[in-house]
Amino acid sequence: MDMARLAGDDPCAKVAEYAARVTSPVLVLHGTDDALVPIAHARRLFDIVYRASSASRFVALPGGHMMHLTRPENVSTPIETWLS
């Protein structure tokens, strides 16, 4: 689904619907200064995922949106820990 169609619909409801279907463990890394997706929204979405897979983890990190591009040094350790 392209972003224009998604934005014209109810994107939060759609993402929450899909999140409820996730049953494998998920690592969510979210920037505390994300101006595009507030951390409270990401946390609520994570809570939906967590109900289906309690092995999932949420990690709040300094940074904004797209931290894997803007602050890769912040995301590498949590990812390595998750995978070990």
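The values are calculated or read from the model by the stated rules, or taken from the named source; none is laboratory data. What you are looking at is a predicted structure, and each value in this text was computed from that prediction instead of being measured. For neighbour counting, all protein chains shown are included, and Cβ atoms are generated from backbone atoms with ideal geometry for every residue, glycine included.
Points worth noting:
- Residue that is closer than 21 Å to ALA20 by Cα and either under 14 Å from the mean Cα position of the chain (by Cα) or not β-branched (Val, Ile, Thr) (or both), where the choices are ILE39, ILE79: ILE39
- Of the residues in the stretch 2-11, at least one is within 24 Å of LEU69 (Cα to Cα), surrounded by 10 or more Cβ atoms within 10 Å (Cβ to Cβ) and at pLDDT below 80.
- Residue among ALA20, ALA40 that alone is touching a residue at least 12 places away in the same chain (Cβ under 8 Å) and surrounded by fewer than 15 Cβ atoms within 10 Å (Cβ to Cβ): ALA20
- Residue in the stretch 65-84 that is touching a Phe, Trp or Tyr at 6+ places or on another chain (Cβ under 9 Å) and touching a residue at least 12 places away in the same chain (Cβ under 8 Å) present: no
- Filter result for SER76 (loosely packed, with under 13 Cβ neighbours inside 10 Å and in a loop (DSSP other than H, G, I, E, B)): no
- Filter pass, VAL59 being surrounded by 15 or more Cβ atoms within 10 Å (Cβ to Cβ), assigned to a helix (DSSP H, G or I) and within 12 Å of the chain's Cα centre (by Cα): no
- Residue in the stretch 14-31 that is at negative phi, under 11 Å from the mean Cα position of the chain (by Cα) and of a type in the set (Asp, Glu) present: no
- Of all residues making up the stretch 11-47, the number that are among the small types (Gly, Ala, Ser), closer than 23 Å to SER76 by Cα and part of a loop (DSSP other than H, G, I, E, B): 2
- Residues of the stretch 51-66 satisfying the condition of being at pLDDT below 95 and either under 16 Å from ALA16 (Cα atoms) or β-branched (Val, Ile, Thr) (or both): ARG51, ALA52, SER53
- Residue match in the stretch 63-73 (condition: in a helix (DSSP H, G or I), out of contact with any Leu (no Cβ under 6 Å at 6 or more places or on another chain), among the hydroxyl-bearing types (Ser, Thr, Tyr) and surrounded by fewer than 15 Cβ atoms within 10 Å (Cβ to Cβ)): yes
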